[in-house]
1. In chain B, which helices (entire DSSP H runs) extend 24 Å or more along their own long axis, judged by Cα positions, while averaging at least -0.5 on the Kyte-Doolittle scale?
2. Residue B:501: net charge of surrounding residues, Cβ under 10 Å, Lys/Arg +1, Asp/Glu -1, itself excluded?
3. Suppose R0 equals 30 Å; then what is the FRET efficiency for residue B:720 and residue B:110 from their Cβ-Cβ distance, rounded to the nearest 0.05?
4. Picking from B:505, B:378, B:517, whose Cα lies most toward the positive end of the charge dipole for chain B (charges on Cβ: Lys, Arg +1; Asp, Glu -1)?
5. With charges set only on the Cβ (+1 for Lys and Arg, -1 for Asp and Glu), what does the dipole of region A:2-78 come to about its Cα centre, in debye to the nearest 20?
6. In a Gaussian network model over chain A where Cα atoms closer than 10 Å are linked, find which of A:44, A:106, A:55 has the largest mean-square fluctuation.
7. Tally Lys and Arg at +1 and Asp and Glu at -1 over the other residues with C-beta under 14 Å from the C-beta of residue A:109: what net charge comes out?
8. Take peptides A:80-93, B:744-757, A:128-141 and line them up by average Cβ neighbours within 10 Å, highest first, as a rough protection proxy.
Amino acid sequence: MNHHITLVVNGVVREASVPARRLLSDCLRHDLGLTGTHVGCEHGVCGACTVLLDGEPVRSCLTFAVTVDGREITTVEGLATGGELSPVQRAFAECHGLQCGFCTPGFLCTATAFLRDNPAPDDEEVLEAISGNLCRCTGYQNIIKAVHRAAEIQAEEAG
Amino acid sequence: MSERREPAREHVTGVFGKRVQRREDARLITGRGRFLDDLGGNALAAAFVRSPHAHARIRDIDVAAALDVDGLVAIYTWEDLPGVLAEPLPLLIPHPALTHGRTAYPLAREVVRHVGEPVVMVVARDRYVAEDACSLIEVDYEILKPVVGVEEAAQAAHLVHEDVPGNVAAHMVQEVPAPDGRSAREAIEAAPHTLAFRLDIERSACTPLEGKGVYARWDADDESLRVYSSTQTSTSVRMAIAAKLGLPLPKVEVIAPDVGGGFGVKIVHPWPEEILVPWAARLLDREIKWTEDRREHFISSAHERAQVQYVRVGFDDDGRVLGLDVNILHDNGAYTPYGIIVPIVTSTQLLGPYKIGAYRVEFSSIYTNTVQVTPYRGAGRPQGVFCMERTMDRIAAHLGRDRTDVRAANFIQPDEFPYDQGMTFQDGRPLIYDSGDYPESLRMLKELIGWDSFPAMRDQAAAEGRRIGIGVGCYVEGTGVGPYEGGHVQVTSDGRVHVSTGLTSQGQGHETVFAQIVATELGVPFEKVSVVTGDTRRFGYAVGTFASRAAVVSGNAIALACRKVREKALRIAADALEADPRDLEITDGVVHVVGAPSASIPLSTIAVLSNPLRYAFDDETRRATQFASAPSPDRPPVSEGEEPGLEGRDYYSPIRSTFASGMHAAIVETDPLTAEIKILRYAVVHDCGKLINPMIVEGQIHGGVAQGVGGALYEKMVYDQHGQLLNASFMDFLMPYATEVPRIETTHLETPSPLNPLGVKGAGEAGVIPVSAVIAAAIEDAEGIPIDRMPISPSDLHALRLAR
């Protein structure tokens, strides 16, 4: 049996008819065509599928789509505003914070929420913030650099 | 092909060598990347019933219960496979020493030999339904004795393959005598000092964040097949599909879309799914996609690393090695589709930057009922370097000498290149190092890590009740192996430059570095250049991405193709400007006379002139039509030996590999109570010849070191005695997070390769190679306990302390 759900994804009202067992990650990717959210393990460890649910990072592979009916979701496709890349997106490119790019959407969503809550983090806080996301390519050094750089860009633009 | 002996160009201008930001990022940071599972939104899904047993005979497969599943489309077993598709998968790299190579069937026939081997393929409306059907299929197995652990397998109480005696796939001995003709064993016997010991390295795996995947579209009207695969070699997958499906090669195209990491596992091909999915897509005339899940990747792709090494070494009072004798037991898992590349690489690259008096290496490649072993970044080198560097440290300890002095005493010197190690490398060519400067590399490393001031640091730490140690590791890496790659460069009348090469990308930034090469070689703006890799529609001849070869082999092929284009452009421009081609230069996409900038013609116009037209469709092309231009009436519009269009194609086929090198050092702290191991500093001196983009090279090093840290401290595949992989998830297989990887300090040394026009060497694998050796050395230094086995966990270290 399918369930009718309504989600607000990246500011747009989206409707879907999904079985109860459909993961949010699959719903976003396959029902709504938003393939920017990636699935790396489907058991909640790698963090590639991280999206923002009412602003908070969640693992969309551990969330059933039917449980978020009516909620607001931001995916990597929604991070840029009006065609302008967000500070986090710009910083990742500037600092070479990605290689294959598969884990990147999860890092971008995680870092976006983190820097909203903590706009001037220290080294330990940045490390802690991204320590739930796996990357097999970069060795994290440039991701850490990118999060710091994003904080800088954010501050520059706010100032 | 072009003349190879042209001297390396000096890239003093242009973007070659610059920290240019990556082309790839714009789409990847906005969710517009196109990975395998992002394609084919309407395709049917394939899923597989895989063996739950390590070794069993299939008595019966009962699909009856699955047939009622709503949305089921098809179920296939081995018996359904026609013709050559029913034969075992190819043995990709045969070798005379691989006397008993064995490969799996695409779907198991009669016997399964590891947990995860595919037995049944199901095609259904979506993946959920396909898995529902899989769960209802009953396979009746007669369980056979599993063979687990390489030493147990070598005793051969039970066999993995009934027709492979002793479980031995391959046995190989290579001997390099001393200059005086003595064998390694004789040299060791006669040496003033000898040591013998055993080393163990556990299994690990590539584990890219994106698993494998295949998506096939059959076009019944055109009788053609388009296949997307998350592969490291689209050209070879294409040939394999055409052969297995009996299709004409031009009717099959294979595209590697954005690929979410490879690290070696995706060079193996064709995976069962890579031929089964296209076969079923054609049979059913429906689009079909298979996306590997994480557990499938753990139990049915490939692993690497596991070896047991027995070492004997003889040396003099200065620590100079007089003879080295290494016997390796290599666990190749259940099948050998990739031949014996890994143990061959271990055997040869073990020698590192050293002159070994006499060398004997013997390996046995052994079957076990576990996932097959094929190259993982480093491809046998981490094991070889672990062996050699642990040996150097043991020699130093025995003699009471500084560990770096012992290494320096054995180094090949800068004036000894090319240096012939007297062996045959993995490409069948002589193991001759082309260039390097190992003493300088070591000097830089000691300075970077502060080797000479470390004793003071240790004393201070000790005064605070802390235990720290320092370790060093050196390696030489054969990169850029042949046989060849090609490049195609086309300038179109809009001034854009379109570049393609056949090898594939998995995050290395090829679109960026190849564009840097083209912008520099051709004298065009970087922004005008676009690069396509791994798409057989654009370039059909290629080998693939592995062995740190893309920059070397494709990079040089593209540079050579650019030189052809440049030559043609200058010829046409010389005609148009009535100038001598030798007086012409290309800057910012405009050909001009040196010293007379007003006499110029843009490449876009040359592209128009190079292609004589009958029909005009815009202002530019009007200039190339037959009445607009004034060709000489006594020669044809396209001169003999010329082709229309401003484009060039060339290939680079290296005479042999080019040898990159590097040295790493680490300072670790071990907790006296908990045995926790923390890397305090990690330093890298890296030499990959000329750098095309230092930012990207450093990124490669960072990623490699991180994988090395995983292999040194966290990652191992834990099989029980039944052949069950106990940690087949990211919960239990401990890949490093940001919290586990130290900051990596990097310095570059550039000894250009004399073998190729760009002077480059490969960089992709380097970072991972010496890490286990370095960390082992540093822990040993901190603890004063010999470290012979990697990875090492706090529990392992605690056990070693208790056993001391």
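Each value in this text was obtained by applying a stated rule to the coordinates, not by laboratory testing. Only a predicted model underlies this, so the values are computations on that prediction, with no experimental measurement involved. Positions of Cβ are backbone-derived with ideal geometry, glycine not excepted, and every protein chain shown enters the neighbour counts.
1. Numbers: long enough: B:381-399 (27 Å, -0.25); B:555-577 (32 Å, 0.33).
Membrane-span-like by this criterion, though nothing is claimed about a membrane: B:381-399, B:555-577.
2. Values: positive: B:538; negative: B:485, B:535.
Local charge sum for residue B:501: -1.
3. Numbers: r = 25 Å, r/R0 = 0.82.
For residue B:720 and residue B:110, the calculated efficiency is 0.75.
4. B:517
5. Working: 6 positive and 9 negative charges, 33 e Å.
In debye, rounded to 20, region A:2-78 gives about 160.
6. A:55
7. On the way: positive: A:59, A:116; negative: A:54, A:56, A:72, A:77, A:117.
Here the count lands on -3.
8. Details: A:80-93: 17.9, B:744-757: 20.0, A:128-141: 24.3.
The densest-packed peptide leads the list: A:128-141, B:744-757, A:80-93.
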